[in-house]
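Inspection log for the structure reproduced underneath, given as structure tokens.
The values are calculated or read from the model by the stated rules, or taken from the named source; none is laboratory data. Everything numeric in this text was worked out from a predicted model, so none of it was measured. Ligands, DNA and RNA are excluded from the accessible area calculation, which covers all protein heavy atoms including side chains. Shrake-Rupley method; radii C 1.70, N 1.55, O 1.52, S 1.80 Å.
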Amino acid sequence: MTAYRTIVVGTDGSDSSYVAVEKAAALAGDGETTLVVACAYYPTDDRDVAAAADVLKDEAYQVRGSAPTNEILRTARDKAAAVGAKNIVERSIVGEPVESLLALVKEVEADLLVVGNRGLNTLAGRLLGSVPSDVARKSRSDVLIVHTVR
């Protein structure tokens, strides 16, 4: 049994974010805890998507509007269910990941926010901030940063 009633976990469709989903699902697996799987995205037009895909290559999935978000959430739900989570809610949220996740945590009155550590130890993450460090600093709920990238 966990002390958390509602857990929010962020995913961007990367393998490392699915590790965070699985950890959150294991924590929520008792059936009484609600697991909210969230994916933030920015709506884009076709020209922006094509330009971003040229630059981002394998990371381009992050900028392709809401259609990939639906697939990311379905995959995350399947992974969470496989680990044992029973009460799973999918949420796509428009906007920047940190502020969107924090707003969702507040909206659903989550006790715990789970994110992966991707970007935490990079130079850009140290200079510009990263999702894990920013949510840990700004969140009013507990934050679990899962080691998904070593």
Kindly provide the set of residues from the range 74-85 that are over 13 Å from residue 6 (Cα atoms) and open to solvent by less than 60 Å² (accessible area, probe 1.4 Å), ordered by number.
75, 76, 80, 81, 84
Filtering the range 86-115 down to residues that are of a type in the set (Gly, Ala, Ser) and either at pLDDT below 95 or open to solvent by 30 Å² or more (accessible area, probe 1.4 Å) (or both) yields 92, 95, 100, 103
Check whether at least one residue in the range 135-142 is modelled with pLDDT under 50 and open to solvent by less than 20 Å² (accessible area, probe 1.4 Å), and report yes or no.
no
